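Just so it is clear, none of the values below were taken in a lab; they were calculated from the coordinates. This is a predicted model, so every value here is computed, not measured. So basically every Cβ, Gly included, is an ideal-geometry build from the backbone, and we count neighbours across all protein chains shown.
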Amino acid sequence: MKSFVRYSELFGKTFRQPPKDESSRNAQLLEQAGFISKLMAGVYTYLPLGLRVLNAVKDVIRREMDALGAQEFYMPALQPKEIWEKTGRWKDLSDIMYQFPDHSGRQVGLAATHEEVITHIVKQRITSYKDLPLALYQIQDKFRDEPRAKSGLIRGREFSMKDLYSFHADEKDLDSFYNRVAASYLSIFSRLGLQALMIEAAGGSFTKRFSDEFQVISDAGEDRIIYCPSCHFAQNSEIAEQKAGGPCPKCHGSLSEKKGIEVGNIFKLGTKFSDSIGATFTASDGSTHPLIMASYGIGPGRLVGTIVEVSNDAQGIIWPKSVTPFQIHLVQLSKGLEEKKKTERLVHDCLNAGLTILLDDRVASAGVKFKDADMVGITARMVISTSNENQLEVKIRNESASKKMNASQAIEFVKNYYAE
């Protein structure tokens, strides 16, 4: 994507007022600031600024998945009824899965998830224990006929999903990889500026076992979490036997209850899907066994919404530096020819330093430009004006004070800030 964009040419500028039909903070801010556009409940277009953030979140996830040794691929969203009937989930998920006949009368559905398809694919290509373990992931859109699509990007009907699937010859190998993924997920959330708790939860339609969810404490959340602030114990209230104010079963501290946003989940599927679809491997002794599986999900779009829910102020969004749409929001207040040449030189030097820039070159008042800069929430802002003579005003979005320095100092300061 472009490293330099003029705000005067950007598609998707700010609105003066938040949308009237949105109740969630993330939807209000993201639409007003020009990141997304609502088509209907639970369905959004990512405008250029929003797509930059979404892609940045995906890049953070990809780096962690690749570090696990997982390989990226891409599966179809349109799927035949027959493969879902093998697991019984064509009927079980009919309340949320879009199902319809094609022109030939064949029943097809839009993917709510991909366990059936990935198991079918792996069945055709994995035959021996020598092919295991195997980890495959994709980042793709999912579709769910969600009746509660009213929380902006946090709960949608069409949404981006990273799903990772692992295949193993034995439970010990599964447990080892599962724990590595859990640690990787916590690393992802930390890099995105989110403090996530790993909690026990019900397995839902995926497995009868307990699963593990990752929750970010927020009043915007739909789940209730029983957790101990003194240790790592945490459970979804759906399965918790303990109550808020009671003793923690691990450290005996006092338990708390908070609302949380689910930002990821991981499931040990066992042989549920491999048994149904007939996905087996031959062991070293020649015996045949079903593949042992696990599934691991993160919603990049949901993460964008969650970041905004927990990282904002009265003026607008505060993006963490890992996913800011641009590294510098350069506000040009100078109007003369010589001052514009200074701006062009500064842009050139910033680009040479490897920094991405959104330049507000509009004919507008300083107040309008500063208000929009705060609403858009780019992590670092530089102001160039005649009143500052040969100095720039540099400000980090979540800090109250700005600093004045010359161009080379400002570029070095911002580079070091992002490198930390």
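Some points to look at:
- The calculated FRET efficiency for ALA244 paired with GLN195, based on their beta-carbon distance and R0 = 25 Å, is about 0.80.
- Couplings for the stretch 354-364, taken from phi via the Karplus curve 6.51 cos²θ - 1.76 cosθ + 1.60 with θ = phi - 60°, read x, 9, 9, 9, 10, 9, 8, 9, 5, 8, 8 Hz in order; Gly and Pro are left as x.
- Among beta bridges identified by DSSP and lying wholly in the stretch 326-419, the antiparallel ones come to about 45 percent.
- The chymotrypsin sites (Phe, Trp or Tyr not before Pro) found in the stretch 74-117 that occupy coil by DSSP, while having at most 13 further C-beta atoms within 10 Å, are TYR74.
- Estimated dipole of the stretch 123-241 in Debye, rounded to 20 [Cβ of Lys and Arg +1, of Asp and Glu -1, Cα centre]: 380 debye
- Whole-number percent relative contact order across the chain, with pairs defined as alpha carbons under 8 Å at least 6 apart: 17 percent
- Count Lys and Arg as plus one, Asp and Glu as minus one, and take only other residues whose Cβ is under 10 Å from that of SER151; the net charge is then +1.
- Efficiency of FRET from Cβ geometry, LYS371 and GLN409, R₀ 30 Å, rounded to 0.05: 0.65
- Residue among THR282, THR271, THR306 with the largest mean-square fluctuation in a Gaussian network model of the chain, springs linking Cα atoms under 10 Å: THR282
- Taking Cα atoms only, the orientation of helix 300-310 departs from the longest principal axis of the chain by about 60 degrees.
- Working from Cα pairs under 8 Å separated by at least six residues, relative contact order for the stretch 326-419 is 31 percent.
- Cα long-axis angle, helix 366-376 against the chain (0 to 90 degrees, to the nearest 10): 10 degrees
- For MET161, the amide hydrogen comes within under 5 Å of the amide hydrogens of GLN140, ASP141, LYS142, counting only partners 5 or more places away or on other chains and with H modelled in the peptide plane.
- Cα centroid of the stretch 140-198 to Cα centroid of the stretch 83-101, whole Å: 22 Å
- Highest-MSF residue in the chain out of ASN390, ASN55, ASN398 [GNM, Cα springs under 10 Å]: ASN390
- Dipole in debye (nearest 20) - the stretch 9-313, about Cα centre, beta carbon charges: Lys, Arg +1; Asp, Glu -1: 400 debye
- Rounded to 10°, Cα long-axis angle of helix 407-419 versus longest principal axis of the chain: 10 degrees
- Within-12-Å neighbourhood charge of LEU78 [Cβ basis; K, R +1; D, E -1]: 0
- Considering only alpha-carbon pairs that sit under 8 angstrom and 6 or more positions apart, the relative contact order computed for the stretch 71-223 is 17 percent.
- With the highest mean first, a sort of the peptides 38-45, 124-131 on other beta-carbon atoms found within 10 angstrom per residue produces 38-45, 124-131.
- Electrostatic tally near LEU291: other residues with Cβ closer than 14 Å to its Cβ, Lys and Arg +1, Asp and Glu -1, net -2.
- Potential lengthening between ALA183 and HIS252 on full extension [0.36 nm per residue; Cα-Cα distance subtracted]: 22.3 nm
- By the Cβ distance rule (another cysteine Cβ under 4.7 Å), the unpaired cysteines of the chain are CYS350.
- Here the Gaussian network model covers the chain, with springs between Cα atoms less than 10 Å apart; of ILE118, ILE266, ILE154, ILE118 fluctuates the most.
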